[in-house]
1. Under 14 Å from the Cβ of G9, count the other residues' Cβ atoms, weight Lys and Arg +1, Asp and Glu -1, and hand me the total.
2. Please work out the FRET efficiency for the pair H81 and S107, using the Cβ-Cβ distance as r and a Förster radius of 25 Å; give the result to the nearest 0.05.
3. For the chain, which cysteines have no second Cys with its Cβ under 4.7 Å from theirs?
4. If you take every residue apart from Y79 with its C-beta less than 11 Å away from the C-beta of Y79, what net charge results, scoring Lys and Arg +1 and Asp and Glu -1?
5. Determine the relative contact order of segment 1-82: mean sequence separation of Cα pairs under 8 Å and six or more apart, normalised by residue count, in whole percent.
6. Quick one: accessible area per residue over segment 1-101, 1.4 Å probe, rounded to a whole number of Å²?
7. In segment 5-124, if the dipole is taken from +1 on Lys/Arg beta carbons and -1 on Asp/Glu beta carbons about the Cα centre, which of P40, Y111, S124 is farthest to the positive end?
8. Rounded to two decimals, what ratio of Rg to Rh does segment 51-124 give with C-alpha atoms and a Kirkwood Rh?
Amino acid sequence: VQLQACGGGLVQAGESLRLSCAASGHIFNMYQMGWFRQAPGKEREFVGTTIRSGGLSYYGDSVKGRFTISRDNDKNMVYLHMTKLNPEDTAVYYCAASSSMEPGPRSDSSYKYWGQGTQVTVSS
């Protein structure tokens, strides 16, 4: 499956932003869809993931309560809604697809397909 993430940009602390990820090439609802991020000099971090139906999502501790993942299986899209952004959220954000049968995989090794990343910069 091919993934294309977009929607990043420069925002001020406290603002919101929505990232989008378009999927093509495979049956979209075969995959759990996750978001990861990587800041300069840091390891890639799990942000969140949503199960195939979109009925349940899991989040990393640093974004829980601020970020929400949704998906539209009819449009082959997954979204990351980010609120109350702070400078620590500055990173390149990646969407990824997992065929794992384990619900809500958090390890990046569980994801086979990756988008190209979109930069999010939060100024203080």
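The values are calculated or read from the model by the stated rules, or taken from the named source; none is laboratory data. Just so we're clear, the structure is a prediction, and the values are computed from it rather than from any experiment. Methodologically, a virtual Cβ is constructed for each residue, glycine included, from the backbone with ideal geometry; neighbour enumeration extends over all protein chains shown. Remember, those area values only see protein heavy atoms, side chains included, never the ligands or the DNA or RNA. Shrake-Rupley method; radii C 1.70, N 1.55, O 1.52, S 1.80 Å.
1. On the way: positive: R18; negative: E15, D89.
Net local charge, G9 excluded: -1.
2. Numbers: r = 23 Å, r/R0 = 0.93.
With a Förster radius of 25 Å, E is 0.60.
3. Lone cysteines by the Cβ rule: C6.
4. +2
5. Numbers: 139 pairs, mean separation 23.5, N = 82.
Taking the mean separation of contacting Cα pairs over the length of segment 1-82, I get 29 percent.
6. Values: 4900 Å² over 101 residues.
Value returned for segment 1-101: 49 Å² of accessible area per residue.
7. Y111
8. Values: Rg = 13.0 Å, Rh = 13.6 Å.
Radius of gyration over Kirkwood radius for segment 51-124 works out to 0.95.
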